[in-house]
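Scroll down for the structure; my scribbles are underneath it.
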Amino acid sequence: MVYHAKTNINLAIMIFLLIWIFGAISLLPIITSLLTVIIMSTAFIVSLVFIWWYANSIKFVFCEKYLLVKGGPFKSKIPYQSITRVSPTTDKYTGYQISSSDKGLEIFYETAAHGSIKILPKDKMKFILELKKRCPNAQIPQNQQFE
């Protein structure tokens with residue numbers, strides 16, 4: 001089962017436009033030749049496409065033995081038996097996806113450093129129900145606390 005991340009379109013467009021504006025402003029002082037403009041523009045566009053790809057491809061996949069959190073080329077495999085608890089989080093601008101929403105989820109799991117990951121699935125209630133099925137020993141509060 002695959003769940004996609006909730007994307008804040010307004011925030012994404014604002015970040016996209018700011019990157020273009022700052023990129024254009026930073027190119028003005030170093031325009032010495034056409035080759036410089038082409039190289040800098042290419043590097044800028046490649047970086048921009050990579051960031052856009054990462055931000056818009058975040059998904060959460062329930063595999064047989066683990067939860068796969070994937071965004072662009074990055075992925076995290078979290079075995080179900082290592083998930084200890086899930087709680088709502090009010091941290092803004094953090095986690096796997098930068099989001100202006102303050103109603104995400106934080107999944108705590110056991111690793112060498114006792115990690116956690118902050119996520120924001122589109123359909124949070126269905127995601128939590130599926131996680132409860134696959135992680136019966138995890139501490140997951142009642143659904144009302146996640147709304």
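The values are calculated or read from the model by the stated rules, or taken from the named source; none is laboratory data. Predicted model only: the values in this text are computed from it and were never measured. Note: ideal-geometry Cβ built from the backbone for every residue, glycine included; neighbour counts use all protein chains shown. Note: accessible area is taken over every heavy atom of the protein model, side chains too, but ligands, DNA and RNA are not part of it. Shrake-Rupley method; radii C 1.70, N 1.55, O 1.52, S 1.80 Å.
Quick one: count up the residues across region 44-66 that are open to solvent by 50 Å² or more (accessible area, probe 1.4 Å) and either on the phi > 0 side of the Ramachandran plot or at pLDDT 80 or above (or both).
9
Output the residues belonging to region 101-121 that are polar (S, T, N, Q) and modelled with pLDDT under 80.
Ser101, Thr111
Yes or no: Tyr66 in contact with a helix residue (DSSP H, G or I) (Cβ under 7 Å, 6 or more places away or on another chain) and aromatic (Phe, Trp, Tyr)?
Against the criterion (in contact with a helix residue (DSSP H, G or I) (Cβ under 7 Å, 6 or more places away or on another chain) and aromatic (Phe, Trp, Tyr)), Tyr66 qualifies.
Enumerate the pairs (first residue in region 79-90 and at negative phi and of a type in the set (Phe, Trp, Tyr); second residue anywhere and assigned to a strand (DSSP E or B) and loosely packed, with under 15 Cβ neighbours inside 10 Å) with beta-carbon separation below 9 Å, excluding pairs fewer than 6 apart on the same chain, so at least 6 apart or on different chains.
none
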